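The values are calculated or read from the model by the stated rules, or taken from the named source; none is laboratory data. Just so you know, these numbers come straight off a predicted model, no measurement behind them. Methodologically, a virtual Cβ is constructed for each residue, glycine included, from the backbone with ideal geometry; neighbour enumeration extends over all protein chains shown.
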Amino acid sequence: MTLEDMTVRDSLTSLHTTGTQVHYCALCERKLWWHCHQMEQEHASDRVAEGRELQEEAYPDRSDKDILLGGLVRLDGLEESGGKEAEAVITVHETKLSRKATRAQRFQLLYYLYFLKRVGVRNVRGLMEYPRLKRREEIVLTPKDEAELEGLLRRIDEVRDMPSPPEVAEPMGICSKCAYQELCWG
């Protein structure tokens, strides 16, 4: 199945999570809760703007960028290589500023691979790209990753349904640069 053949909306009745939500759950459940309850702060975040600029600077000629699938998943880049359908490899690109929050970054990219698998796309791999570090890392969805990701998706649903944000005992190292810092710590 090629990307052109995907009928995304028909295949996603059980998926209702964005890549950002997966990233936030792996990073900080409190941040996830704020985001799920329309307290989005990214529009005012210098760090988010810097990430968008990085993608534009690093890959100005990439025609396969910023692709929205099913209204849930926004891919930084997507390319199809190979010949025949059975040999074709789909590569999902994810661009990041730094290797901080590597676990959250990895789960976000794994979710994109999982999403594509759920809509019937096979032979998919991920490529985590750190242009400023001149580093790339290939990511593949293993059965172990898939089981762990499904647990994370269940946890996202639980956090989304909470009446108030989950407690965090004290600020974490990531809090100082977080767009949600004011909501959490005043």
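Quick one: which residue in Arg122, Arg118, Arg154 is over 18 Å from Met39 (Cβ atoms), exposed (fewer than 13 other Cβ atoms within 10 Å of the Cβ) and in contact (Cβ under 8 Å) with a residue 40 or more places away in the chain? It would help to see each step written out before you state the result.
Numbers: Arg118 fails: exposed (fewer than 13 other Cβ atoms within 10 Å of the Cβ); Arg154 fails: in contact (Cβ under 8 Å) with a residue 40 or more places away in the chain.
Exactly one of Arg122, Arg118, Arg154 is over 18 Å from Met39 (Cβ atoms), exposed (fewer than 13 other Cβ atoms within 10 Å of the Cβ) and in contact (Cβ under 8 Å) with a residue 40 or more places away in the chain, namely Arg122.
Take the residues in segment 53-105 that are of a type in the set (S, T, N, Q) and assigned to a strand (DSSP E or B); name whichever of them is modelled with the lowest pLDDT.
Taking segment 53-105 as the starting set, the residues that turn out to be of a type in the set (S, T, N, Q) are 55, 63, 81, 91, 95, 98, 102, 105.
From the residues that got through so far, the ones that are assigned to a strand (DSSP E or B) too are 81, 91, 95.
Numbers: Ser81: 82, Thr91: 91, Thr95: 88.
Here the answer is Ser81.
Check off (1) farther than 17 Å from Val73 by Cβ; (2) surrounded by 12 or more Cβ atoms within 10 Å (Cβ to Cβ) for Asp161 and give me the number that stays unchecked.
Going through (1) farther than 17 Å from Val73 by Cβ; (2) surrounded by 12 or more Cβ atoms within 10 Å (Cβ to Cβ) one by one, Asp161 breaks only (2).
Find all pairs meeting these conditions: Cβ atoms under 6 angstrom apart; at least six residues apart or on different chains; first residue within segment 15-34 and within 14 Å of Ala101 (Cα to Cα); second residue of a type in the set (Phe, Trp, Tyr) and crowded, with 19+ Cβ neighbours inside 10 Å.
Pairs that qualify, where the first residue is within 14 Å of Ala101 (Cα to Cα) and the partner is of a type in the set (Phe, Trp, Tyr) and crowded, with 19+ Cβ neighbours inside 10 Å, are Val22/Phe107; Val22/Tyr111; Ala26/Phe107; Lys31/Tyr24; Lys31/Tyr180.
For segment 83-100: of the residues being more than 16 Å from Pro131 (Cα to Cα) and touching a residue at least 40 places away in the same chain (Cβ under 8 Å), which is farthest from the chain's Cα centre (by Cα)?
Initially, segment 83-100 is screened for residues more than 16 Å from Pro131 (Cα to Cα), giving 83-91.
From what's left, touching a residue at least 40 places away in the same chain (Cβ under 8 Å): 85, 88, 90.
Values: Glu85: 26, Ala88: 23, Ile90: 17 Å.
Step by step, filter segment 83-100, then rank; the result is Glu85.
List the pairs whose first member sits in segment 162-181 and is part of a loop (DSSP other than H, G, I, E, B), whose second member is hydroxyl-bearing (Ser, Thr, Tyr), and whose Cβ atoms are under 6 Å apart, counting only residues at least 6 apart or on separate chains?
Partner pairs satisfying both residue conditions: Ala179/Ser45.
Checking the structure you have, find out if any residue of segment 136-143 is of a type outside the set (A, V, I, L, M, F, W, C), more than 17 Å from Leu75 (Cβ to Cβ) and modelled with pLDDT of 95 or more. Even if it seems obvious, please write down each step before you answer.
Keep residues of segment 136-143 that are of a type outside the set (A, V, I, L, M, F, W, C), which gives 136-138, 142-143.
Applying the additional criterion that residues be more than 17 Å from Leu75 (Cβ to Cβ) yields 142-143.
Then drop every residue that is not modelled with pLDDT of 95 or more, which leaves 142-143.
Yes, that holds for at least one residue.
Suppose we keep only residues that are closer than 18 Å to Leu109 by Cβ and loosely packed, with under 10 Cβ neighbours inside 10 Å within segment 128-146. Which one would you say is nearest to the chain's Cα centre (by Cα)?
Checked segment 128-146; the qualifying residue nearest to the chain's Cα centre (by Cα) is Glu138.
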